[in-house]
Amino acid sequence: MKSPRPRMTMAGWVVAVCLALLPSVSVAKDESVQVENRMRGQANAPVTLIEYSDFTCGYCLKFFRETWPRIQARYVDTGKVKFLYRDYPRADQGPGLDAALAARCAGGQGKYWAMHDRLFAEGGRIDQAVILRHAIAIGLTQSVFERCLKEKSHVVSIFEDREEANRWGFHGTPGFILIRTASGPTEKEPAIAIPGAFPFEMFAEEIDRLLATAPHSRGGTERESLIRPVRSVERSRPLVRDPHVP
């Protein structure tokens, strides 16, 4: 199938990028619990919202403080949207990666979201002292937590999240994907990419559209799909392969 030629919006933003040979995203057994820990809402909610984010990113903090509470109240807590968090540390080392690792290690003790929310509330000012302070505050077993940090067993999975975001076409944070939970993206109904901390109204418009329309039949065995970047001025549909995000 031919991919569309790159197009430029009225705002001068190139939106059509062909992403070929995207492998399926697999989840190893030792990470399956972590995937569930990084989910908010009901697993069978009709719409899935995936965030790719960095704990030290200013725009990610803006989303967390201004937009996320409204999405959670209207859609997640009411069973309409399942929310998945994916790590996108912008650097290969430093506080962003340390924070992602700390949240994963807290998740190993069932406290992922408690650590996640506390780290974001720091406004990007994260170091080891801050991480250990929050670990104590949320009641983690310190020896287990500190061993997890030292072993860095989750680092590979963290960078796999970032690679997954790159395959969607994101090269900065935050980035969001909206899909139907049951069918995922299809050629008739592409995934919706929201590249940035857009206002709540942008998310609500796209979520409401998905909730209001009947799901399309998947049909056939074709695994190619479209991804539709959302732009306030114009929307386009470049061709990508489905990364098979759960």
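Centroid-to-centroid, using Cα positions, the stretch 137-184 and the stretch 96-123 are 10 Å apart.
The distance between label points at residue 43 and residue 65 comes to 3.6 nm (points 7 Å beyond Cα on the Cα→Cβ vector).
By count of other Cβ within 10 Å, fewest leading, how are 74, 40, 65, 118 ordered? Spell out each step's value before the answer.
Numbers: 74 16, 40 19, 65 13, 118 22.
The order, fewest Cβ neighbours first, is 65, 74, 40, 118.
Listed here are the pairs 80/152; 62/188; 80/150; 62/111; which of them are more than 28 Å apart at the Cα?
Working: 80/152 35 Å; 62/188 33 Å; 80/150 38 Å; 62/111 23 Å.
Distance filter (> 28 Å) returns 80/152; 62/188; 80/150.
Taking 0.36 nm per residue of separation and subtracting the current Cα-Cα distance, fully stretching the chain between residue 188 and residue 93 would add 30.2 nm.
Using packing as a proxy for protection, rank 155-165, 80-90 so that the peptide with the highest average count of other Cβ atoms within 10 Å comes first. Please report the intermediate quantities before stating the final value.
Details: 155-165: 17.9, 80-90: 22.0.
Order by mean packing, descending: 80-90, 155-165.
Values quoted throughout were computed directly from the atomic coordinates according to the rules given, and no laboratory measurement underlies them. Owing to the predicted nature of the structure, the values given are computational and were not obtained by experimental measurement. Because the Cβ atoms are built from the backbone with ideal geometry, glycine has one as well, and the counts that use them run over all protein chains shown.
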